[in-house]
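What follows is a set of notes on a single structure, which appears directly below.
The values are calculated or read from the model by the stated rules, or taken from the named source; none is laboratory data. On a predicted model such as this, the values are computed, not experimentally measured, just so you know. Methodologically, a virtual Cβ is constructed for each residue, glycine included, from the backbone with ideal geometry; neighbour enumeration extends over all protein chains shown.
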2 protein chains.
Amino acid sequence: MSTTATLPLADRTQSLVGSVIDSSTSLLAAQKHDIVRFAMGSPAAEAIPTEALAEVAGSALGVDRADSFDYASTEGDMGLRTALVEALEGTSDATALERVTITSGGMQGLDLACKLFVDPGDLVSVESPTYTNGSATALSYQAELLEVPVDAEGMVVDALVEGAERAGRKPTAIYTVPTFQNPSGSSLSLPRREQLLEVARQWGAVVIDDDPYGLLRFAGQDVPSLHELAAGDPLVSSVRTFSKIIAPGLRVGWIDCDPSLQQLLINAKQAMDTCTNLPAQRLVEGFLRGGHLTEHLVASRSAYRERKEAMHDALTEHFGDIARWTDPEGGLFVWVTFEPAVDTEALFEVALAEGVAYIPGNAFSPSRRFPDALRLCYASTPPARIHEGVARLRAAVDRLG
Amino acid sequence: MSTTATLPLADRTQSLVGSVIDSSTSLLAAQKHDIVRFAMGSPAAEAIPTEALAEVAGSALGVDRADSFDYASTEGDMGLRTALVEALEGTSDATALERVTITSGGMQGLDLACKLFVDPGDLVSVESPTYTNGSATALSYQAELLEVPVDAEGMVVDALVEGAERAGRKPTAIYTVPTFQNPSGSSLSLPRREQLLEVARQWGAVVIDDDPYGLLRFAGQDVPSLHELAAGDPLVSSVRTFSKIIAPGLRVGWIDCDPSLQQLLINAKQAMDTCTNLPAQRLVEGFLRGGHLTEHLVASRSAYRERKEAMHDALTEHFGDIARWTDPEGGLFVWVTFEPAVDTEALFEVALAEGVAYIPGNAFSPSRRFPDALRLCYASTPPARIHEGVARLRAAVDRLG
C-alpha cells in the first residue's frame, strides 16, 4: 500500500499529470555519454547572454543594493514594469503600465489565467498538438479539454467550432500558442486570428494567448499578435515570458490583461508565491534598460535561422523517405511525422542509446493523438551537432525496425 | 458596469482575498515623508547579507555559468537540495534528499500543500490570529476555515477539538505556524505540539507545519519542531523558507514531506511555475556551502533580540496604561492588544500621518476577530527608530481619541 493512499488527497490530484519532458530530463541526466539534446525547449547555453547578465548583476545585485533582495510588489517591481512597457513600444505587444502584471515565468501566467477563469468541469479548448504544461495547467483546475487540430496555418478554427458543437457546449477558455507554436512550429495566420477572436466574442470565451516565441521570427512576415488585434478586448489575456528571449532560469514573465482583472491577479498571486523573485526582475530590468534585448534578439534570430536550416537539411538527408516535417518561420521547434508510422515512444529509449533525445508526440496531446510524431528543438544545438543528432535518430529508427 | 462582470470568472475568484499588507504597502509607497515601518514582516535592509550574496553571485552567476540561467529540475537543483540537507544536519529540521522539494518561497509550499490536500468545502483549521496569506491560500482552494484561538503557548488544541465538534466534522488539514507565530509571536509548547499531532493522527488530518522563523530564536529553550516530533509521519508536511533567514526577495524555500508525495508535488509545480528560479537557487547554495548561514543567524538573532527589547521598552514607556503585548522568544513580531479597545483600522491612517506603519489585527483573521489589536514587526527597524515609531503610534492613538 502506498502512503498516499492513507492521506486525504484532494480530488484534483487525480488530474495532475506528469510531464514526459521531466521524466526524459531525468533519463538524460542518467545517461553517461554525449547525447545530442533536441528535447528541452530552451535556448542554447551559448545563447544565454551571460556577459550582459553578469554586467547587470554587478550593479543591480551589488553590496549596496540590499533592496534588490527584499519582497517585491505582488504586481511586479515598478522599475521592471516601466522598462518593459518602454521596451514593447512599437511592437505587436505594445501595452500600458496598468495592464501589466509580472509573473514567475510564462507558466505562472497560465496558472493565473486558469485560476481566474476555469471552474472544475469547464470546457477548455487546447491545440492538438499543444504545449504539455499548458494543457496540464488546465487539467490541474479540472477542466475538460477539447483538442483542436493544428495545420500549417495554426489552430483550425472551423474545427474548434465543430468540436464545440459536438460537445454540445461552448468552451469557457480557448488556449492557444499562436506563433511558432510549441510543438508544431506553425503560426496562426491572420485570417485565422481574426476568426478566432470573432468566435471567442460570440461565445463570451476568454482567449489565453500564450506567445513566448513571437519575437524570435527569422523568416516570413510579421503577423499582428492576438493582443494587438484584440485591441484591449477584456476577453484576451496575453501571457508572455523572458524565458525564450533572455533565459528560462530567471522565471520572469508577464501577463497583459484588462486592468479590471489586476486586483484579482494580485490576490491570486499573493496566495501562490507572494511576488516574483526580485533579483531576477532587477536583472531583466537592467538588461532591457541597457539595450541588450535588441542586440540579443538579432543574434538569436540569426543563430536559430541557421540551426533550423541545418535541421531541415539533415532531415532531408536522413528522413526524406520516411517522414515529413514543419517549416517554422521562427521559434525553437520542428515537428516531425513518420510515414509509414513509427512508434516514437518505443523509439525514445533506442534513440537515447544511440545518443539523441527528443520529445515523443504523444506528450503533446492529452488523448495521445500523435504516436507517430516527435518534436525536435533545434535552438539549443549548433549546426554540426544537429547533423550528428539527426543521423543518430535515423540509426535509431532503423534499429527499431 | 465593471468589465469583470462580462468575463466568465471562476467561482473560486469569489474566495480570493486581498491582503491588507499589500494595500498598506501601496499606501506607504504613496507617503512622502519618513515613515517608521513596523508593517512588513521582512528582515532589515542592513540584515540582508549583501556582501556574501554579491560574493557568491560573482562565482555562481559569472560569465562562465550559463547553466545557472537554464531551467532547473522541478524538484529543485540537486546542488541546492544536497547543500540544504547537509546544512540541516543536527537541527530540528534534519531531513533526507528524497523528502525535499525546492519551492518558490514558503508561500508556494503552502500553495502546493493546499493543491494536494484541500477540496472545495473542506474544513481547514487556522490559528486565530493567523498568517494572512496562509489562510488566503486555503480560501483560494475554497476551504471553509475553522479559526482556533492562540494563547501564550500557541494554538489552543483543546479549542481545535471543540471547534471541530461544534462544526460537526473533522478538518482535512490543520494549518499552523508553530514557532514565533505570525502575527502573535507566541510558540506552540511541547505538550501542545504532541497533543496536536495526536489529534491529527486520530482525525487522519494533514498538518501543514509552516515554520519560517524557527532558526531565529534569541531567548528561551529550543522546542523540537513538529517535523522532528512527527518523525516521518506522512501526515505532516513541513513548509520552510529562506525568506526570513537570508532574504525574502530570493523566493526560495522548500517543502519537506513524505517521499510518496514528491511526484504529485512535481506534477503540481510544473503546472504552477515549471521550476524555482535557478540563479537564486545557486545563490542560496553558495551561501550555504560558504558557511555564511551560521554566522548570519548569529548576527540576526543578536540584532533581533536587541530590537525586541527596544520594542518592549518603548511599549512599556508609551503604552503601559492602555495595552498589553506578547513576549516572543524569537522571530519578528510583537502582537499588541488595546485595553480599552482602540479601533486599529481607523487608527491606521492616523498613524501613517504621524509617520508610523503597522498591520491592523483584523488582517490576521478571516472573520475579523481582532479589531483592537495590531502587529508590530521590530526586526526591520534599528532600536532608536523603534522608540521614535512607538512614540508616534501613541501620538496617533491620542489623536484618534
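Remarks
- Single residue of the range B:310-333 satisfying the filter (more than 23 Å from the chain's Cα centre (by Cα) and acidic (Asp, Glu)) that is farthest from B:Ala384 (Cα to Cα): B:Asp321
- Selected residue (criterion: nearest to the other protein chains (Cβ to nearest Cβ)) from residues of the range B:126-145 that are part of a helix (DSSP H, G or I) and without any contact (Cβ under 8 Å) to a residue 40 or more places away in the chain: B:Thr137
- Within the set A:Val397, A:Val390, A:Val334, the sole residue that is in a helix (DSSP H, G or I), touching a helix residue (DSSP H, G or I) at 6+ places or on another chain (Cβ under 6 Å) and not aromatic (Phe, Trp, Tyr) turns out to be A:Val390.
- Scanning the range B:94-101 turns up at least one residue that is modelled with pLDDT of 95 or more and among the small types (Gly, Ala, Ser).
- Scanning the range A:186-206 for residues that are part of a loop (DSSP other than H, G, I, E, B) and hydrophobic (A, V, I, L, M, F, W, C), we see that the one that is surrounded by the fewest Cβ atoms within 10 Å (Cβ to Cβ) is A:Ala205.
- Residues in the range A:226-236 that are within 23 Å of A:Leu288 (Cα to Cα) and crowded, with 24+ Cβ neighbours inside 10 Å: A:His227 only.
- Of the listed requirements (1) outside the structural domain of B:Gly105 (by TED's automatic domain parsing); (2) of a type in the set (Lys, Arg); (3) crowded, with 24+ Cβ neighbours inside 10 Å, B:Arg282 misses just one: (1).
- Scanning the range B:60-98 for residues that are surrounded by 14 or more Cβ atoms within 10 Å (Cβ to Cβ), part of a loop (DSSP other than H, G, I, E, B) and either without any contact (Cβ under 8 Å) to a residue 12 or more places away in the chain or within 13 Å of chain A (Cβ to nearest Cβ) (or both) yields a count of 11.
- Boolean, A:Ala96 is under 21 Å from the mean Cα position of the chain (by Cα) and small (Gly, Ala, Ser): no
- The range A:386-401: number of residues that are over 20 Å from A:Gly330 (Cα atoms), surrounded by fewer than 23 Cβ atoms within 10 Å (Cβ to Cβ) and out of contact with any Asp or Glu (no Cβ under 6 Å at 6 or more places or on another chain): 8
- Among residues of the range B:21-41, those that are within 10 Å of chain A (Cβ to nearest Cβ) and at pLDDT 85 or above, counted: 2
- Evaluation of A:Leu123 against (1) in contact (Cβ under 8 Å) with a residue 40 or more places away in the chain; (2) within 17 Å of A:Ser238 (Cβ to Cβ); (3) within 14 Å of chain B (Cβ to nearest Cβ) (one fails), failing number: (2)
- Residue count for the range A:59-89, restricted to those that are closer than 23 Å to A:Leu264 by Cβ and among the small types (Gly, Ala, Ser): 3.
- Restricting A:Pro120, A:Pro183 to those that are outside any helix (DSSP H, G or I), surrounded by fewer than 23 Cβ atoms within 10 Å (Cβ to Cβ) and modelled with pLDDT of 95 or more reduces the list to A:Pro120.
- Test for A:Arg201: is it over 27 Å from A:Ala47 (Cβ atoms) and of a type in the set (Lys, Arg): yes
- Yes/no for B:Leu53 being assigned to a helix (DSSP H, G or I), under 28 Å from A:Met107 (Cα atoms) and modelled with pLDDT of 95 or more: no
- Among the criteria (1) more than 8 Å from every other protein chain (Cβ to nearest Cβ); (2) touching a residue at least 24 places away in the same chain (Cβ under 8 Å), the one B:Val148 does not fulfil is (2).
- Residue check for B:Val239: among the β-branched types (Val, Ile, Thr) and either modelled with pLDDT under 95 or closer than 23 Å to B:Gly90 by Cβ (or both): yes
- Of all residues in the range B:165-180, those that are more than 14 Å from chain A (Cβ to nearest Cβ) and in a loop (DSSP other than H, G, I, E, B) total 5.
- When the range A:349-365 is filtered for residues that are surrounded by 20 or more Cβ atoms within 10 Å (Cβ to Cβ), among the hydrophobic types (A, V, I, L, M, F, W, C) and in contact with a Leu (Cβ under 8 Å, 6 or more places away or on another chain), the ones remaining, listed by number, are A:Ala351, A:Leu352, A:Val356, A:Ala357, A:Ile359.
- Taking the listed residues A:Leu250, A:Leu235, the one that is aliphatic (A, V, I, L, M) and in contact with a Phe, Trp or Tyr (Cβ under 7 Å, 6 or more places away or on another chain) is A:Leu250, with no other qualifying.
- Flag if B:Gly355 is touching a residue at least 12 places away in the same chain (Cβ under 8 Å) and touching a His at 6+ places or on another chain (Cβ under 7 Å): yes
- Scanning the range B:350-386 for residues that are in a strand (DSSP E or B), among the hydrophobic types (A, V, I, L, M, F, W, C) and under 28 Å from A:Phe69 (Cα atoms) turns up B:Val356, B:Ala357, B:Ile359, B:Leu374, B:Leu376, B:Cys377.
- Qualifying residue in the range A:301-320 (condition: among the hydroxyl-bearing types (Ser, Thr, Tyr), modelled with pLDDT of 95 or more and within 17 Å of A:Ala45 (Cα to Cα)): yes
- Out of A:Ala314, A:Ala271, sole residue that is in contact with a His (Cβ under 8 Å, 6 or more places away or on another chain) and among the aliphatic types (A, V, I, L, M): A:Ala314
So that you can scan it fast, the table gives a plain yes or no per residue for (1) more than 30 Å from B:Leu293 (Cα to Cα); (2) at pLDDT below 95; (3) out of contact with any Asp or Glu (no Cβ under 7 Å at 6 or more places or on another chain):
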| position | (1), (2), (3) |
| --- | --- |
| B:Ser125 | yes, no, yes |
| B:Gly134 | no, no, no |
| B:Ser140 | yes, no, yes |
| B:Pro178 | no, no, no |
| B:Arg193 | no, no, yes |
| B:Ile208 | no, no, yes |
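- Residue-level analysis places B:Arg368 among those that are basic (Lys, Arg) and closer than 25 Å to B:Thr137 by Cα.
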